[in-house]
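Taken together, the values in this text are just the output of simple stated rules run on the coordinates, not laboratory data. Predicted, not measured: the structure shown is a model, and the values here were computed from it. Reconstructed Cβ throughout: ideal geometry from the backbone, glycine too, with neighbour counts over all protein chains shown.
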Amino acid sequence: MLIDIERLSEEGLTVSKDFEFLSVDLVEENTVFLQPTHADVVIRKVGEEISIKGRITANLSFICSRCLAPFEFPVDSAFDLIFLPEELEESKDELEEGDIDKGLYYGGSIDLAEVILEQLNLTFPVKPLCSPDCEGLCAVCGRILQSGRCGCEVKEPDPRLTRLKTLVKR
Ligand SMILES: [Zn+2]
Ligand SMILES: [Zn+2]
């Protein structure tokens with residue numbers, strides 16, 4: 001969805017829309033959309049700057065990086081972004097490194113779908129977990145430990161023995 005900057009009116013443009021993204025567009029592999037990404041956005045022209053302010057909601061299914069079980073990941077995220085025209089010399093100077101709230105736009109238009117997709121990707125955890133205290137899988141039988149103890153005996157290595165071994169190695 002291309003936003004033509006030239007044709008933006010004084011009062012701006014309000015967009016309320018569902019975006020159908022593909023899982024391959026996401027930074028996190030093995031992610032499934034349970035519902036489309038919905039965005040409510042207001043796009044305004046403030047001098048040379050374009051302000052894009054809004055909120056995205058989505059519901060995805062992630063794979064837990066510890067126990068490998070799928071879990072629901074609801075997204076509800078607000079954002080407030082500024083885009084500067086690429087042609088403007090001061091644009092690049094104004095962009096500080098690591099400033100994720102500012103961007104450049106090229107050729108007089110902004111692809112709103114791209115902006116929404118980036119914001120969606122930014123909400124994702126680096127290491128998805130079904131719960132913060134997920135215990136993962138049993139090292140012996142591979143069962144998910146969360147759903148009850150499997151009864152396997154996991155032998156903790158004796159710390160004294162490990163130290164002895166390192167000593168012997170030297
Ligand atoms: Zn888990
Ligand atoms: Zn087990």
Next on the checklist: What distance in nm separates the two pseudo spin-label positions at Asp101 and Asn59, each 7 Å out from Cα along the beta-carbon direction?
Outcome noted: 3.1 nm
Checklist outcome for this item: Note to self: C-alpha centroids of region 4-64 and region 66-89 sit apart, in Å, by 9 Å
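For Thr37, Thr14, Thr31, Thr123, what's the fewest-to-most ordering of other Cβ within 10 Å of each Cβ?
Thr14, Thr123, Thr31, Thr37
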